[in-house]
Amino acid sequence: MATAEPLDEFPAKGRIFVDANIFLHHAFDLNESSVRFLQRVERGEVRAYTSLLVLEEVFFKLLIQRASNLLPKVTLEKVKSLLKDKKAREEIFSPLFRYLKYLGTLKAGGLRVSGLKEEDMGRAIHIAGQWGLLTADALHLAVMKRRGIVHLASADSDFEAIEGITLWKP
């Protein structure tokens, strides 16, 4: 069983992997603890890591959220169709470009972004099967294992069952 600790108490010396929901809490101003945590990353007080998969999740959800403002009912097909319209596309992508700029601020503070390796997928399938996780969540754990990171910032309670990590929840 993972230990769950308050995110506000994460010590500055540790290395921590940041899940998509922490970034989304910040982007949508949904959780003060997540916002404070990312401010610590901005200032270089926390050695934070994430992956390209996490960032893809963040940008996809930002895109869908903005598209939902323009559609009565959101389906992937309707979003794809909406993206063909230049004016709608500009409106939909504006928050993504703003958040991309913010990620630059986080990277200047020391956030490191890991790519995925072929070996991560095999490890993730084993982790997902062992712990009953979705493959995306298991991929986060696979990247953490490869990087030697045992701390995870996430609001996802599915990680509470995982042995060998400490979960830091907002």
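The values are calculated or read from the model by the stated rules, or taken from the named source; none is laboratory data. Please read all numbers here as calculations on a predicted model, not as lab measurements. Because the Cβ atoms are built from the backbone with ideal geometry, glycine has one as well, and the counts that use them run over all protein chains shown.
Those residues that are in contact with a Ser or Thr (Cβ under 6 Å, 6 or more places away or on another chain) and in a helix (DSSP H, G or I), I need them from region 1-20; list them, please.
Across region 1-20, the qualifying residues are LEU7, ASP8.
From the list PHE60, PHE37, exactly one residue is assigned to a helix (DSSP H, G or I), closer than 20 Å to ALA12 by Cα, of a type in the set (Phe, Trp, Tyr) and modelled with pLDDT of 95 or more. Which is it?
That would be PHE37, the only listed residue that is assigned to a helix (DSSP H, G or I), closer than 20 Å to ALA12 by Cα, of a type in the set (Phe, Trp, Tyr) and modelled with pLDDT of 95 or more.
Pairs needed: first member in region 101-112, more than 19 Å from LYS13 (Cβ to Cβ); second member anywhere, among the polar types (S, T, N, Q) and at pLDDT 95 or above; C-beta distance under 6 Å; at least 6 residues apart or different chains.
As it stands, the answer is none, since no pair meets every condition given.
Since ASP8 meets every condition but one in (1) over 13 Å from the mean Cα position of the chain (by Cα); (2) crowded, with 16+ Cβ neighbours inside 10 Å; (3) closer than 28 Å to TRP131 by Cα; (4) among the acidic types (Asp, Glu), which condition does it not meet?
Single failed check for ASP8: (2).
If I filter region 138-170 down to residues being charged (D, E, K, R) and closer than 19 Å to ASN31 by Cβ, which single residue comes out as farthest from the chain's Cα centre (by Cα)?
Once the filter is applied, the top-ranked residue is GLU160.
Return the pairs, sorted by first residue and then second, in which the second residue is among the β-branched types (Val, Ile, Thr), the first residue lies in region 154-170 and is more than 10 Å from ASN21 (Cβ to Cβ), the beta carbons are less than 6 Å apart, and the residues are 6+ apart or on different chains.
ILE165/VAL150; THR166/THR3
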